[in-house]
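Chemist: What follows is a structure written as structure tokens; I'll ask about it next.
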Amino acid sequence: MIALYIVLAIVVVAALVIVVRRRGRRRVPQLAPPRAAMPEVLVTEVTSMPSLTTVRLEERLATSRGVFDRVRSLSPSDHLSEEQLAVVEEVLLRSDVGLTTANAVLEELRSHGAPDGVAAAVREILLSSLSGDRTTSAEADEGRVPVWLFVGVNGVGKTTTIGKLAKRNHDAGRSVLLAAGDTFRAAAADQLEQWATRTDSGIVRANEGADPGSVVHDAIGRASAKGFDIVLADTAGRRANSTNLLDELSKVRRVADRAPGQVVETLLVLDATTGQNALSQAQEFLAASGVTGIVLTKLDGTARGGIVIAIERDLGVPVKFVGVGEGVDDLIVFDPEEFVDSLLST
Ligand SMILES: Nc1nc2c(ncn2[C@@H]2O[C@H](COP(=O)(O)OP(=O)(O)OP(=O)(O)O)[C@@H](O)[C@H]2O)c(=O)[nH]1
Ligand SMILES: [Mg+2]
């Protein structure tokens, strides 16, 4: 009996020791961690973080920016030497700003010099030539459906741009319907359908060879009946010959602009990598389809970023968006200051 009491007492004491030890161990992590340095680190990180778009545009325009390295390396001067002016001219022409703009910049540098730095002076002059109205409208008259029509030759990036802008409109709270007005090949509608799925948009499509005007007409009817907020209409980039293509675009535009549809934007899509060729293409489209803005694609990976300036100057139509990659978010609302800074900031 006494032995039993002794064993019980040992068990109770052992249990007490274990509980006390565990409590002791649990307390260790409850010690307050050292905190003194934390707030400072956080504040530094937040304040020095540049805006996402700035980082992305400068990164994506790296090739075009590289062309301007030689301008950045010139020293400030009240009177630039002929040698320095020749460097500026060569760089501007390589970046494809065009002869008119290059001459205007040289004239300005000759008469005023560049006391605050050559890159800064060129930046100011280029910026002053980008003064178009870049607002886009997503509003139509009462009872009508706003339509954005996308035109341009094949391969420039129309369908991809529609996908990107579908996402942008969707994010802005609009319900989007895509119209597969490129009936030249079946794959075009399949490609658009993929974008519709990815961006949560509706789509109206027809068989290969169908009349593009009736596809757009059906899409507008459906948008009006179902209450979609906007229609983005794709068109073909080729036909048997270019005259037919432009005639067809004018017809599609007329159909799209008939109530209940209303064309509020006609966006001409141009490929920046084709440089000055993009300009001659653009002239033909401008005459035919009432273009309200340019989307310049593939600015990533080209050295010819200056083409933006040539396009605005020579065509008198504002660049509204620029494409900087193949992904759904790789489209930027064109901001002249951000753009020129991406090329010329030191
Ligand atoms: N790097 C890059 N590629 C792009 C950009 N925009 C479009 N692309 C690519 O360019 C190619 C052609 O794009 P599409 O959207 O099919 O061109 P499209 O004008 O619709 O061509 P068609 O339907 O043949 O008239 C695709 O491989 C796209 O991913 C861009 O901003 N940057
Ligand atoms: Mg296409």
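The values are calculated or read from the model by the stated rules, or taken from the named source; none is laboratory data. Not measured: the values here are computed from a predicted model. In this analysis, Cβ positions are derived from the backbone assuming ideal geometry, glycine residues included, and neighbour counts consider all displayed protein chains.
Chemist: Output the residues belonging to the range 156-182 that are β-branched (Val, Ile, Thr) and within 11 Å of ligand 1 (Cβ to nearest atom).
Modeler: Scanning the range 156-182 gives Val156, Thr159, Thr160, Thr161, Ile162.
Chemist: Within the range 318-333, count every residue that is surrounded by fewer than 17 Cβ atoms within 10 Å (Cβ to Cβ) and either away from ligand 2 (no atom under 16 Å from the Cβ) or in a helix (DSSP H, G or I) (or both).
Modeler: 3
Chemist: Give the range 249-278 a look and list any residue that's more than 20 Å from the chain's Cα centre (by Cα), assigned to a helix (DSSP H, G or I), surrounded by fewer than 20 Cβ atoms within 10 Å (Cβ to Cβ) and at pLDDT 85 or above, or say none.
Modeler: Ser250, Lys251, Arg254
Chemist: Quick one: count up the residues across the range 210-233 that are in contact (Cβ under 8 Å) with a residue 60 or more places away in the chain and of a type in the set (Gly, Ala, Ser).
Modeler: Here is the first cut: in the range 210-233, the residues in contact (Cβ under 8 Å) with a residue 60 or more places away in the chain are 216, 220, 223-224, 228-233.
In the following step, the residues that additionally are of a type in the set (Gly, Ala, Ser) were identified as 223-224, 233.
Total meeting the criteria: 3.
Chemist: Right, something else. Can you name the residue in the range 219-238 that is outside any helix (DSSP H, G or I) and surrounded by fewer than 17 Cβ atoms within 10 Å (Cβ to Cβ) and, of all such residues, is nearest to ligand 2 (Cβ to nearest atom)?
Modeler: Out of the qualifying residues, it is Arg238.
Chemist: Now for a different question. Kindly indicate the residue of the range 292-317 that is acidic (Asp, Glu) and more than 14 Å from Val340 (Cβ to Cβ) and also surrounded by the fewest Cβ atoms within 10 Å (Cβ to Cβ) among those meeting that condition. Step through it out loud before you land on a result.
Modeler: Of the residues in the range 292-317, the ones acidic (Asp, Glu) are 300, 312, 314.
With the extra rule that they be more than 14 Å from Val340 (Cβ to Cβ), the set shrinks to 300, 314.
Details: Asp300: 22, Asp314: 16.
So, considering only residues that are acidic (Asp, Glu) and more than 14 Å from Val340 (Cβ to Cβ), the one surrounded by the fewest Cβ atoms within 10 Å (Cβ to Cβ) is Asp314.
Chemist: Going through the range 275-286 one residue at a time, which ones are more than 16 Å from ligand 2 (Cβ to nearest atom) and touching a residue at least 24 places away in the same chain (Cβ under 8 Å)?
Modeler: Gly275, Gln276, Ala278, Leu279, Ala282, Gln283, Glu284, Leu286
Chemist: A follow-up question, please. Considering only the range 279-317, state which residues are within 16 Å of ligand 1 (Cβ to nearest atom) and either in a loop (DSSP other than H, G, I, E, B) or not assigned by TED's automatic domain parsing to the domain that holds Glu248 (or both).
Modeler: Val291, Lys298, Leu299, Asp300, Gly301, Thr302, Ala303, Arg304, Gly305
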